[in-house]
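The values are calculated or read from the model by the stated rules, or taken from the named source; none is laboratory data. Remember, predicted model here, so these are calculated numbers, not experimental data. Note that we place each Cβ from the backbone using ideal geometry, even for glycine, and neighbour counts take in every protein chain shown. Ligands, DNA and RNA are excluded from the accessible area calculation, which covers all protein heavy atoms including side chains. Shrake-Rupley method; radii C 1.70, N 1.55, O 1.52, S 1.80 Å.
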Amino acid sequence: MSSTGIDLNDSALAVAETGSGSPRLIDCDGGTLSPGFSAKDGQTGSAARAQAQRAPQAVTDQAWERLTDEPAVSLGLGEPLGASWSELARRHLAAVHATAPSGNPTLLAVPATWSQSGPTPGAPRVLAVAHAAGVPVAGTIGQALAATVVGSTHSLTPGAPVLHLDLTRAEGVLTTLQFDGKTLSLPAPPVPVASSGFRALEDAVMLGFDGRMAETTGVLPSENPELAQALYDQLPQFLSTLQSAPSARLEVPNSRLSLTRDEAAVFCRRLVQRLTAAVETACSQTNTRGNLLLKLGAFAAQVPGLREALAELRKVVIEELPAGKAAMGAAHLCAAYGLAPATPDAPPEPITEVPVNCMTGYRDLAPIENAAVAETPEQAARPGRQFHTGPAGFITRDAPTHFLFQGRALPLEGSSFSIGSDPGEGTAGIRVAEDFPGLAPVHAQLTRQGNAWHASPGPDGVPLLLNQQPVAEPAPLQTGDILTLGDSGLKAMLIRTLD
């Protein structure tokens, strides 16, 4: 069984899954992103957004930021939409989740400002909506943390904070992460940047364009519904391509009017100033002597002129993140931790820190003494040394000391132990208290042979997978390996601690 991650940022929700390889994004709404809109007629995502220009009295983009049982109202004139805010969010999440493999344990990446309790995500209202949508929730994690644990073009420096900036529909969210060489964690509450969300970005560009058109032609787009709709429909594509194609233009049909990136940046000056000021304040509050790594989320990166303004700040090195990065990180961790779905009456604790062993895609993950050394394939190929490439995507030379199982790091001790629903009295083992279909009394046996640990299926020949491959006889285990307990979907990842 694979694992699923869902990024609940309402600028656009994203879904990712892990199969036999790295996490990948799933087409969830005619594309890999589903904007946080809901309509009175039951449509959500892109279909609802398309109605927002011509029928604002029947559409809203505030369901996820409200997320209460109060009656929802529309963008235009506050018309009732016939459902609560939480019900609109449930419909949206149910539609997005329907594209994921059925039954997958799912880790939710949540914008940290949605929480009622500081830096820890997973407010009860988010979990309630997810359970109502039929999502087999295995846990929650802050969006910034999830987006940072997978893949990077930069190294992490122990003791140097990592900043993460992205936009929800309502506001900018600036999060400070701390890396101490062993774990990546959330040391403090996030900083909301009011009136600086993706909604503000869209409004700034559209209003600026309206003014330019009025000056040039004497006609406002609002006086021409078809023209206004055409502009509105082109806006997401225009903004999303500014990252990779700075020369992109927003063209007005049947006219000579167009909008360039530099011209759009003029309309967004105030938005850029607010976001830049928040980052500058965060930089001034850090004591590190080196540069700060700023992870610029996909929606923040779409603000014209923001990267240029941030690049002028001292101590800041910018890395732009692709859309859906938090969903991919959540899917990766859900598999790495071997998480299983939780019940509504036993909500899981949010993940607020990630050990270095469960991060992937960085060139140098452990620059401290006694750390499990991560190296590039080129370094690993040097003569006279043997390395193992684990499924998490990094290379390590150390043997495992622990395994992650159901969110806990358990030591590899003694000469043998078993995992199952009933390993037996007097037998060293892990008893899984919950009822998981397909889990045998003794499902996996781990035995020490010399200095190495081996895994084999239980005595009844139950299915056991090692890195997605069936195990028929004792198989050697190495750091980064993932054991899957057959049809139960339970996973254990072999790690090496840094102590």
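Could you list, in sequence order, all residues of the stretch 85-105 that are among the hydroxyl-bearing types (S, T, Y) and farther than 20 Å from T168 by Cβ? Steps first, answer last, please.
Filtering the stretch 85-105 for residues among the hydroxyl-bearing types (S, T, Y) gives 86, 99, 102.
Result: T99, S102.
Does G134 satisfy being surrounded by fewer than 24 Cβ atoms within 10 Å (Cβ to Cβ), modelled with pLDDT of 95 or more and not in a loop (DSSP other than H, G, I, E, B)?
On the way: surrounded by fewer than 24 Cβ atoms within 10 Å (Cβ to Cβ): yes; modelled with pLDDT of 95 or more: yes; not in a loop (DSSP other than H, G, I, E, B): no.
No, not satisfied.
Only one of E171, E215, E223 is among the charged types (D, E, K, R), open to solvent by 10 Å² or more (accessible area, probe 1.4 Å) and modelled with pLDDT of 90 or more. Can you tell me which? Before the answer, list the steps.
Details: E215 fails: modelled with pLDDT of 90 or more; E223 fails: modelled with pLDDT of 90 or more.
Every option except E171 fails the conditions.
Residue under question is S38, and the condition is that it be buried (at least 18 other Cβ atoms within 10 Å of the Cβ), small (G, A, S), modelled with pLDDT of 95 or more and within 19 Å of the chain's Cα centre (by Cα); does it hold?
Details: buried (at least 18 other Cβ atoms within 10 Å of the Cβ): yes; small (G, A, S): yes; modelled with pLDDT of 95 or more: yes; within 19 Å of the chain's Cα centre (by Cα): no.
No; evaluated as a whole, the condition is false for this residue.
Is the stretch 471-485 home to any residue that is in contact with a Gly (Cβ under 6 Å, 6 or more places away or on another chain), farther than 23 Å from T106 by Cβ, surrounded by 18 or more Cβ atoms within 10 Å (Cβ to Cβ) and modelled with pLDDT of 85 or more?
Within the stretch 471-485, not a single residue is in contact with a Gly (Cβ under 6 Å, 6 or more places away or on another chain), farther than 23 Å from T106 by Cβ, surrounded by 18 or more Cβ atoms within 10 Å (Cβ to Cβ) and modelled with pLDDT of 85 or more.
Are there helices (runs of 4 or more DSSP H) fully within the stretch 1-98 with at least 3 residues that are of a type in the set (D, E, K, R)? List them.
On the way: elements: 45-51, 63-66, 85-97.
Answer list for the stretch 1-98: 85-97.
Restrict the check to the stretch 193-208 and report whether at least one residue is assigned to a helix (DSSP H, G or I), open to solvent by 20 Å² or more (accessible area, probe 1.4 Å), more than 29 Å from G142 (Cβ to Cβ) and acidic (D, E). Before the answer, list the steps.
Of the stretch 193-208, the ones assigned to a helix (DSSP H, G or I) are 198-208.
Next, only the ones that are open to solvent by 20 Å² or more (accessible area, probe 1.4 Å) stay: 199-200, 203-204, 206-207.
Now drop any that are not more than 29 Å from G142 (Cβ to Cβ), which leaves 206-207.
Right, trim to acidic (D, E) and you get none.
No, the stretch 193-208 contains no residue that is assigned to a helix (DSSP H, G or I), open to solvent by 20 Å² or more (accessible area, probe 1.4 Å), more than 29 Å from G142 (Cβ to Cβ) and acidic (D, E).
Kindly check whether there is at least one residue in the stretch 60-76 that is open to solvent by 20 Å² or more (accessible area, probe 1.4 Å), touching a residue at least 24 places away in the same chain (Cβ under 8 Å) and within 18 Å of the chain's Cα centre (by Cα). Please lay out each step first, then the result.
Taking the stretch 60-76 and keeping what is open to solvent by 20 Å² or more (accessible area, probe 1.4 Å), we get 62, 65-66, 68-71, 73, 75.
Retained after the next criterion (residues that are touching a residue at least 24 places away in the same chain (Cβ under 8 Å)): 62, 65, 68.
Pick out the ones that are also within 18 Å of the chain's Cα centre (by Cα) and you get 65.
For the stretch 60-76, residues open to solvent by 20 Å² or more (accessible area, probe 1.4 Å), touching a residue at least 24 places away in the same chain (Cβ under 8 Å) and within 18 Å of the chain's Cα centre (by Cα): present.
Between a residue in the stretch 258-272 that is under 14 Å from L235 (Cα atoms) and among the polar types (S, T, N, Q) and any residue that is open to solvent by less than 30 Å² (accessible area, probe 1.4 Å) and not in a helix (DSSP H, G or I), which pairs come within a Cβ distance under 7 Å, given they are 6 or more apart or on different chains?
S258/L250; S258/V252
Could you give me the residue pairs with C-beta distances under 8 Å whose first residue belongs to the stretch 125-150 and is without any contact (Cβ under 8 Å) to a residue 40 or more places away in the chain, whose second residue is open to solvent by less than 10 Å² (accessible area, probe 1.4 Å) and assigned to a strand (DSSP E or B) wherever it lies, and which are 6+ apart or on separate chains?
A130/T106; A130/L108; A130/V137
Using the structure shown, decide if P441 is surrounded by 14 or more Cβ atoms within 10 Å (Cβ to Cβ), modelled with pLDDT of 80 or more, under 23 Å from T479 (Cα atoms) and not polar (S, T, N, Q). Don't jump to the end; show me each part of the working.
Working: surrounded by 14 or more Cβ atoms within 10 Å (Cβ to Cβ): yes; modelled with pLDDT of 80 or more: yes; under 23 Å from T479 (Cα atoms): no; not polar (S, T, N, Q): yes.
No.
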